[in-house]
Amino acid sequence: MSLYRKSWLFMAWIMLLFITSPFWLFLPFVRWGLIGALPGAAFWLAHGAAALWLFRCPECGTSPFTTRIGFMAISHPWPRRSCSKCEQDLTV
Ligand SMILES: [Zn+2]
């Protein structure tokens, strides 16, 4: 399976989590306050970190969720078809 397809599957999982967040994030927040929301918030932030650090271009290591513009980088929720740094095709 290509990195591009894996990235989209991960984004589908993220969207499922986002849709169900009233149950696993906001319901504990309403019941137990900020302490109740901390595990859900950590879980959510870990998914953002996973999108940037676990999905990497096999050539240069750049995330498909990142677009490099000069010395800056922009992160976005949709994966790129080709690497923004080395132009490697991520769909193969
Ligand atoms: Zn690359």
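The values are calculated or read from the model by the stated rules, or taken from the named source; none is laboratory data. The structure displayed is predicted, hence computed values, not measured ones. Cβ: placed from backbone, ideal geometry, glycine included. Neighbour counts: every protein chain shown. For the accessible areas, the whole protein counts, side chains as well, though only heavy atoms, and no ligand, DNA or RNA atoms are used. Shrake-Rupley method; radii C 1.70, N 1.55, O 1.52, S 1.80 Å.
Scan segment 62-90 for residues that are within 13 Å of the ligand (Cβ to nearest atom) and over 22 Å from L16 (Cα atoms) and report the count.
14
Go over the candidates R31, R5, R56, R68 one by one and state the one that is part of a helix (DSSP H, G or I), charged (D, E, K, R) and under 18 Å from the mean Cα position of the chain (by Cα).
Just a single option satisfies the conditions, and that option is R5.
Looking at segment 16-28, which of the residues that are over 16 Å from A46 (Cβ atoms) and at pLDDT below 95 is most open to solvent (accessible area, probe 1.4 Å)?
Residue satisfying both the conditions and the ranking: F23.
Given the options A49, A12, A37, name the one that is aliphatic (A, V, I, L, M), open to solvent by less than 20 Å² (accessible area, probe 1.4 Å) and either in contact with a Leu (Cβ under 8 Å, 6 or more places away or on another chain) or assigned to a helix (DSSP H, G or I) (or both).
The unique qualifying residue is A37.
For segment 39-61, which positions are under 13 Å from Y4 (Cα atoms) and near the ligand (Cβ under 10 Å from one of its atoms)?
Selection gives R56, C57, P58.
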